[in-house]
1. How much accessible area per residue does region 124-231 have, in Å², with a 1.4 Å probe?
2. Rounded to a whole number of µm²/s, how large is the Stokes-Einstein D of region 132-198 at 37 °C and 0.692 mPa s, given Rh as the Kirkwood radius over C-alpha pairs?
3. If I compute solvent accessible area with a 1.4 Å probe over the protein chains, what percent of it on region 103-231 is carbon and sulfur?
4. With θ set to phi - 60° and the Karplus curve 6.51 cos²θ - 1.76 cosθ + 1.60, what are the ³J(HN,Hα) couplings of region 72-85 in order, to the nearest whole Hz, using x for Gly and Pro?
5. Using a 1.4 Å probe, how large is the accessible area of Lys149, given in Å² and rounded to the nearest 10?
6. Can you give the Rg to Rh ratio of region 177-253, both from alpha-carbon atoms, with Rh computed by the Kirkwood formula?
7. Viscosity 1.567 mPa s, temperature 4 °C: Stokes-Einstein D of region 79-217 from its Kirkwood Cα radius, in µm² per second?
Amino acid sequence: MKSKTFIAVFLSFLLSSFFPAVSLAAQTSLLPNISLSVNPGSTPSGVVGTVQIIVLLTILSLAPAILILMTSFTRIIVVLSFVRNALSLQQSPPNQVLIGLALFLTLFIMGPTLSAVNSNAIQPYLSGKISQSVALSKAELPFKEFMAKQTRVADVDLFLKYQHLPTPKNLVSLPITTLIPAFALSELKTAFQIGFMIYVPFLVIDLVVATTLMSMGMMMLPPLLISAPFKLLLFVMVDGWYLVVSSLLTGFH
């Protein structure tokens, strides 16, 4: 009975000593007050700022499409996928490694283009020297120059004929909505051509191994089980990743 009384007195002492400290700390501490409100714009500049934020969010939402269709990313990731399939490897290297390598190679290749966009469009616009429309037109030009160097004339003519548009006199007058699908089509064709050249030596190894196993009467042994180590050995001996990446880098003008 005495022990229960002692425990009750001890708990009451802790509660009486703890809660005043908490209330005192709440009174002395300064917590930030966050409030969000939407008010009608009283000046045209406020409305313009809101529209600029909406345009910026729209561009950010289209960033993956811009990365895939207006840069070297498509060709690089398709060629790297061909390399993995030619080696008869399903998950090695993983998709995260291939995408990460393709992203960094894309940034390396697109470095001059991005620098031109930053110096000719972004920095003058942020300093207030040019308007938003002028900045967008100047930002398009470096991407047009890059895409036009990689795009075949036949692919551009295909989309121009579909839209019933005349042949543009210069690169500035070429609509970017026509150049983007033509560039993507040319990149896919180039990537498949590179992929075919990568497949040929590994296909020869598969044929040799399959013929050898058939001549030895090993009909039930999968040829892939035997050819996979030879493919890896050939790829390592010729320093395959170096050759693939160097060919991708030199393939862009």
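1. On the way: 6940 Å² over 108 residues.
With the other protein chains kept in place, region 124-231 gives 64 Å² per residue.
2. Numbers: Rh = 12.8 Å.
Answer from the Stokes-Einstein relation: 256 µm²/s.
3. Details: 5990 of 8160 Å².
Of all accessible area on region 103-231, carbon and sulfur atoms account for 73 percent.
4. 7, 5, 4, 4, 5, 5, 5, 5, 5, 5, 4, 4, 5, 5
5. Accessible area of Lys149: about 130 Å².
6. Numbers: Rg = 17.6 Å, Rh = 15.0 Å.
So for region 177-253, dividing Rg by the Kirkwood Rh gives 1.17.
7. Numbers: Rh = 18.6 Å.
It diffuses with D of about 70 µm²/s by this estimate.
The values are calculated or read from the model by the stated rules, or taken from the named source; none is laboratory data. Because the structure is a prediction, the values reported are computed rather than measured. Side chains are part of the model used for accessible areas, which takes the heavy atoms of the whole protein and leaves out ligands, DNA and RNA. Shrake-Rupley method; radii C 1.70, N 1.55, O 1.52, S 1.80 Å.
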